[in-house]
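The values are calculated or read from the model by the stated rules, or taken from the named source; none is laboratory data. Since we're looking at a predicted model, the values are computed, not measured. When we count neighbours, we look across all protein chains shown, and the Cβ atoms used for this are built from the backbone with ideal geometry, even at glycine. With ligands, DNA and RNA removed, areas are computed over all heavy atoms of the protein, side chains included. Shrake-Rupley method; radii C 1.70, N 1.55, O 1.52, S 1.80 Å.
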Amino acid sequence: LMKDAGVDACIVNVRGAEYIVGPAAVNYTSASEQQAFDLEYSASDRYRALMAGALNYIADDAGAGQECVIGQLVLGLPLNTYHKNVEALTHHARGEHMVRQPGADQHRRVTVKDVHVMVQPHGALLAFGVAHPALLKDNRWTLVIDVGGGTLDWFVARGTTPNWARSGAHPKAMLHCAY
C-alpha cells in the first residue's frame, strides 16, 4: 500500500485491518469517508488506530528508536461519554502498542505505563492555567466551551475544580453542521 519511505504517516494494525495514520494519510483515503463520532467512538477501531499513530509520533518526538516507554499518558473524552467510557479507554491505552513505518518491515513498540483520562474541556482549562497561572490561583469561576467535531461541551469550574452540575454536552457539533 505505502511502499515509499519518508512518507509522513505510519501503519497501524487493529484487529487485522491496517490503518494509515498521520499527516500524509489524507493522500491515501477517499474524500467520501465520513468522520462519524458516536457515543462509542473511543472504543472504535478507527480511534484505536489514531491513538496508536499518535503514540508513534510521540516516540518520534522523543527520539526513540524501535522501543519507547511513556510513563504517563493523558487522554481526553467528551463530557457526554466520559463516565461510560473512561475505564475501557484507560484499559486499552495502557500497555503495548505496535506501529510500522511505511516501507519498513519492523514494528516500533510503544509501551504506556500509566494513563489518566479527563474530560476534554478540563484539559483545556488546565493547559490554559499552565500558560496563565495567575488567572486560576484566585479561585474565580471559569467557563470553557469546547466546540468539537462530535460534541459541544461546556465546562464550569471554580479555579480548576469542576462544577459537574453546571457542566454538560450536546451530542452534535461542528461535523453535524458541516454534513
Check your understanding: Of the residues 162, 121, which single one is open to solvent by less than 60 Å² (accessible area, probe 1.4 Å) and in contact with an Asp or Glu (Cβ under 8 Å, 6 or more places away or on another chain)?
Key -> 121
Revision key, fill the gap. Going through (1) open to solvent by less than 30 Å² (accessible area, probe 1.4 Å); (2) more than 26 Å from residue 137 (Cβ to Cβ); (3) free of Cβ contacts under 8 Å to residues at least 40 places away in the same chain one by one, residue 96 fails only at (1)
